[in-house]
1. For the range 110-164, give me each residue that is farther than 24 Å from Glu197 by Cβ and polar (S, T, N, Q).
2. Residues that are surrounded by 15 or more Cβ atoms within 10 Å (Cβ to Cβ) and more than 16 Å from the chain's Cα centre (by Cα): does the range 163-174 have at least one?
3. Residue check, Asn265 against (1) surrounded by fewer than 15 Cβ atoms within 10 Å (Cβ to Cβ); (2) under 22 Å from the mean Cα position of the chain (by Cα); (3) of a type in the set (S, T, N, Q), all met but one. Which one?
4. Among (1) at pLDDT 95 or above; (2) touching a His at 6+ places or on another chain (Cβ under 7 Å), there is one condition Phe88 misses while meeting the rest; what is its number?
5. Taking the stated definitions as given, is Arg177 closer than 30 Å to Ala101 by Cα, part of a helix (DSSP H, G or I) and of a type in the set (Lys, Arg)?
6. Checking the structure you have, find out if any residue of the range 116-128 is under 19 Å from Leu26 (Cβ atoms) and β-branched (Val, Ile, Thr).
7. Which of the residues belonging to the range 117-158 are in contact with a helix residue (DSSP H, G or I) (Cβ under 8 Å, 6 or more places away or on another chain), polar (S, T, N, Q) and free of Cβ contacts under 8 Å to residues at least 40 places away in the same chain?
8. It is to be established whether one or more residues within the range 243-256 are touching a residue at least 12 places away in the same chain (Cβ under 8 Å) and among the charged types (D, E, K, R).
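The values are calculated or read from the model by the stated rules, or taken from the named source; none is laboratory data. Since the model is a prediction, treat every value here as computed from it, not as a measurement. Here the Cβ is made from the backbone with ideal geometry for all residues, glycine too, and neighbour counts use every protein chain on show.
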Amino acid sequence: MALTSVAVVIPTRNRIDSLQRCLNRLIPYVHTHPECTITVSDDGNAEQTREKLAGDLGIVNVVQGPRLGPAANRNCGAAHSTGDLLIFLDDDCIPEGNLIAAYQQAAAANPDAGVFEGRISSLGSVSGFADMVVENETGGYLWSCNIAIRRSLFEKIDGFDERFPFAAVEDVDLHLRSKKETSVPFLPEARVWHDVESRQGWRIVKHHTLSLLLFLHIHGPQAAKRKGSYFARMAVRTFLFRGLSYLRAGTVKNPQQLFYQCFVNLQLALILSLWRFHVPLAKRFYPACCPGCERIHASLATHPPSEPRPRASA
C-alpha cells in the first residue's frame, strides 16, 4: 500500500539554531521517502534562512511568511506545500525520528479521521513563575507544535484563523472547529520534545488574554465552559497553591509573573460576568501596545461571529 504523501510545515522567525535542530531530526527520513516534503515559512528574513540552510535546499523549501503571526505563517507554509497530510511542528521542537512514519501509519489505519494529535514531552525544569511547561502526554489539547491534519479538511475549515496574531489560542480555535468535523485520535508514538519556555512580562499575559477574549467573542462565552466565578477561584488557587509550592521548591524567580497571572484571572472573572461589555472592557484593561493588539481590538469591534473571517494572502 502506498504511503500517504506528507507535507511537514514549520513556521519560524529568527530562530535558526532551533530550526536546524528540528530539521536535523526530520531530514534523514525525508531523504529516503520522496512522498514527504518540508516547507519552512519564515516570518523574519526568508532569504537569510535559505542561506543558512543552503546544504539542505532541495529537501527544505523556505518561503517568505506574511509577517502577521504564527496562524497566518502556518497557512502560508501549507499553501506553498504539497502533500495530502499536513504535519505542523514548531521550530523549537525536537521530533523523534519516527514521527512522520507514525503519522503516515495512523492516516492509513484511520481513513475516517481528519486530524491527529501528537505527543509533547517536556525538557528541562521549572526555575520560576515565568517558566511554562509545554507538555501533552495524554491528548485532548491539539497544540499546534505537533499535529497532523488532512489537507482536504484543513481547506474545508479554512485553516488557522488569521485573526489570532499571537502564539496563543489559535490552536484551541482550530481544535474546536476540527472536532465538529472529525474524531481526533491521539498518537503517543508521534512524539516531540519541547524545552521549558520562559515567558516574562505583562505584555505576554496581555497578548494571551486578548487572544482568549477573541476566541470567546467568535465562539461565544460558553466556549470557555466556565463562568466568571471559575476565574476568580483560579486567581486564589494560583496564588495560594502555585505560589506556595514554588516557594517550597525554591523556584521563586520572576515573582511578578505570579501577580500578573492572578490579576488577569480576576479581570477575566469580571469580563465574563459582564460579557455584554466585553469589547470596551478589553480595550480598557488591555490597550494596544503593538499591531497585533490593534488587530484583535479591531476584530472584537467589527467582526462578530456571524461575519466571515478575513484571510491574508499567501
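1. Across the range 110-164, the qualifying residues are Asn110, Ser152.
2. Taking every residue of the range 163-174 in turn, none turns out to be surrounded by 15 or more Cβ atoms within 10 Å (Cβ to Cβ) and more than 16 Å from the chain's Cα centre (by Cα).
3. Here Asn265 meets the rest and fails (1).
4. For Phe88, the exception is condition (2).
5. In short, yes.
6. Checked against the condition, which is being under 19 Å from Leu26 (Cβ atoms) and β-branched (Val, Ile, Thr), the range 116-128 yields at least one hit.
7. Within the range 117-158, no residue meets the criteria.
8. yes
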